[in-house]
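Input: a single structure, listed below in structure tokens.
Derivation of every value follows stated rules applied to the coordinates shown; laboratory data play no part. No experiment lies behind these values; they were computed from the predicted model shown. When we count neighbours, we look across all protein chains shown, and the Cβ atoms used for this are built from the backbone with ideal geometry, even at glycine.
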Amino acid sequence: MAFQLPDPSTPFGERVARRLRSERLMWLTTVDANGTPQPTPVWFLWDEATSTFLIYSRSDAKRLEHIKQNPRVALNFDGNGSGGDIIVFTGEAEVSSADPPADQLPTYVEKYRDFIARRYDTPEKFASIYSVALRIISRRIRGH
């Protein structure tokens, strides 16, 4: 069965759709060789047509080793501080050679323009540091 987002006419579905559009940070959790979960904050783009997330990573990031050993991952948004607004995606991660560098993807540059300017000066510099594209293939979503 193909992955589908919750119906946006429901309260949960509306929150999922809104947060996928508006949030700029998610937590990517991989599992290391010892079986320990390793959560990391990441920038992302949601691709509704393919039900995937696009994330850029440093080539020396431990998460790449973790994904090679075990591609099963989770992505989640922060909650609302009192146990609500929880949204968790699970799926598989893979290195993507089909995606362009981050600086050549206008939707990514626009979404993170101010973050990139503050931390990396230019999109080109960011793309040279975060040079590995990852695709997270969504399989399941849960939350409340």
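Among (1) part of a strand (DSSP E or B); (2) buried (at least 19 other Cβ atoms within 10 Å of the Cβ), there is one condition Arg140 misses while meeting the rest; what is its number?
Among (1) part of a strand (DSSP E or B); (2) buried (at least 19 other Cβ atoms within 10 Å of the Cβ), the lone unmet condition for Arg140 is (2).
Any idea which residue in the stretch 66-97 is nearest to the chain's Cα centre (by Cα), counting only those that are without any contact (Cβ under 8 Å) to a residue 24 or more places away in the chain and more than 14 Å from Trp27 (Cβ to Cβ)?
Ranking the candidates gives Pro71 first.
Return the total of residues in the stretch 35-52 being under 8 Å from the mean Cα position of the chain (by Cα) and among the β-branched types (Val, Ile, Thr).
Here the count works out to 1.
Which of (1) more than 17 Å from the chain's Cα centre (by Cα); (2) buried (at least 17 other Cβ atoms within 10 Å of the Cβ); (3) in contact (Cβ under 8 Å) with a residue 24 or more places away in the chain is the odd one out, the single condition Pro123 does not satisfy?
(3) is the only condition that Pro123 fails.
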